Amino acid sequence: MTFGIDDLPVRDELRGKSPYGAPQLDVPVRLNTNENPYPLPEALVERIAERVREAARDLNRYPDRDAVELRTKLAEYLTQTSGYAVDVRNLWAANGSNEVIQQLLQTFGGPGRTAIGFEPSYSMHALIARGTGTGWISGPRRDDFTIDVPAAERAIAEHRPDVVFITTPNNPTGNAVPAETVLALYEAAQAAKPSMVVVDEAYIEFSHGASLLPLLEGRPHLVVSRTMSKAFGAAGLRLGYLAAHPAVVDAVQLVRLPYHLSAVTQATALAALEHTDTLLKYVEQLKTERDRLVAELRAIGYEVTESDANFVQFGRFTDSHETWRKILDRGVLVRDNGVPGWLRVTAGTPQENDAFLDAVREVKKEQNT
Ligand SMILES: Cc1ncc(COP(=O)(O)O)c(C=O)c1O
């Protein structure tokens, strides 16, 4: 017998669990992880090289622990794109929004505390809760994947969670959450505890609607989290951030590791922010492709959940895993998120989307015969 994980004194709640990870298979078209399919433009690659070269000269020193220049630029980006003014004091950045969420749960969750999310939703919320010793409550959604406000309010009143997650647009379903829903759940969370409400806007740049950032006004328990992994096409960079009341930014300082954002990360993110206009043009193309996928999938005869993200949930299948496999057999990898009857496809380049649509047309024909 070889020595394995079960022979180690691993925390009880981690025993027998699997790590998060989408299966990456070597197939021609990979539309399974909600990445942006467009590589960074060459001018930006050059600018990153320049800024990283400058940063390299000082790598004998620790980076700016407070990442002030980067946080200032991220605040400017949010202000320009949402019309709601935030500044460096409202903004905090970390290695991907996953780390932002981890820091929030380390600060506001933890042993003896709980967090709630309305599922199906981004599964890392529950996994990071587990990793930080925070109890997890699975809140309800309707059959059409919208949040059932009265049921959600009841769940919050009953469980009095310390942290409430609302993902908009939601992953894996794609639908956006209306501002009124967020406001109702914020009120319920304040009445119950008061607790922190985290609005995960990882995909907001792809939405037909506006960011919920203006809701931060007068709501110190609200946090909006964002990422450069999707719209900025920089998933490899690992840069996520949050906007909130300055007290929230002060609070997460209690758990952040010193110098958590490397000088190389800060330099790269600053270079990308100089090219926001070009990068956001790709977002427009992806939105057009996303809308095409929705229309074509419906024309083929699939049911499609309304999408405000760079991916589309489609169904319904008696056996979604079998359909996933049939699509894969045709060289296209989509995601089976474990939502019974549904699969999710990320909007890729027009050519990738054509390959996907050809594959599902064939599968549909085969399943109808
Ligand atoms: C809803 C949601 N939030 C956060 C993330 C994490 O993004 P990041 O790459 O910034 O850690 C993802 C990634 O897929 C996501 O779907």
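Miscellaneous remarks
- The mean accessible area for residues of segment 102-260, using a 1.4 Å probe and ignoring ligands and nucleic acids, is 35 Å² per residue.
- Segment 123-207: mean projected area of Cα convex hull, nm²: 5.4
- For segment 191-263, the Kirkwood estimate of hydrodynamic radius, built from reciprocal distances between every pair of different alpha carbons, is 13.9 Å.
- Estimated FRET transfer efficiency when R0 is 25 angstrom, pair Ala157-Asp12 (beta carbons, to 0.05): 0.25
- Only lysines eight or more places from Lys281 in sequence, or on another chain, were considered; those with a Cα closer than 17 Å are Lys230.
- Over segment 224-365, all Cα pairs binned in 10 Å intervals from 0 give whole-percent P(r) values of 10, 32, 26, 20, 11, 1, listed from short to long.
- Average projection, convex hull of the Cα set of segment 82-151: 6.6 square nanometres.
- The chain, accessible surface, carbon-and-sulfur percent (1.4 angstrom probe): 51
- Percent RCO, i.e. relative contact order, over segment 115-195, from Cα pairs under 8 Å lying at least 6 residues apart: 35
- Highest-MSF residue in the chain out of Asn60, Asn34, Asn170 [GNM, Cα springs under 10 Å]: Asn60
- Charge dipole magnitude, Cβ of K and R +1, D and E -1 - the chain, Cα centre, debye nearest 20: 500
- FRET efficiency, Glu180 to Arg57 (Cβ-Cβ, R0 51 Å, nearest 0.05): 0.50
- At 1.306 mPa s and 10 °C, Stokes diffusion of the chain via Kirkwood alpha-carbon radius, µm² per second: 73
- Largest GNM mean-square fluctuation across Leu44, Leu242, Leu257, computed for the chain with C-alpha springs under 10 Å, falls on Leu257.
- Whole-angstrom gap from segment 49-76 to segment 1-48, using each part's C-alpha centre: 26
- Zone of Glu362's modelled label, taken as backbone nitrogen in segment 323-339 under 18 Å from a point 7 Å along Cα→Cβ: 323-335
- Cα extents of segment 242-300 along the three principal axes, largest first (Å): 52, 24, 18
- Largest to smallest principal axis extent of the C-alpha atoms in segment 25-119, angstrom: 48, 42, 36
- For the chain: relative contact order, % (alpha-carbon pairs under 8 angstrom, 6 or more apart): 22
The values are calculated or read from the model by the stated rules, or taken from the named source; none is laboratory data. Computed from a predicted structure; not experimentally measured. Neighbour counts are summed over all protein chains in view; Cβ atoms, including those assigned to glycine, are modelled from backbone coordinates with ideal geometry. Keep in mind that these areas ignore ligands, DNA and RNA; they rest on the heavy atoms of the full protein, side chains included. Shrake-Rupley method; radii C 1.70, N 1.55, O 1.52, S 1.80 Å.
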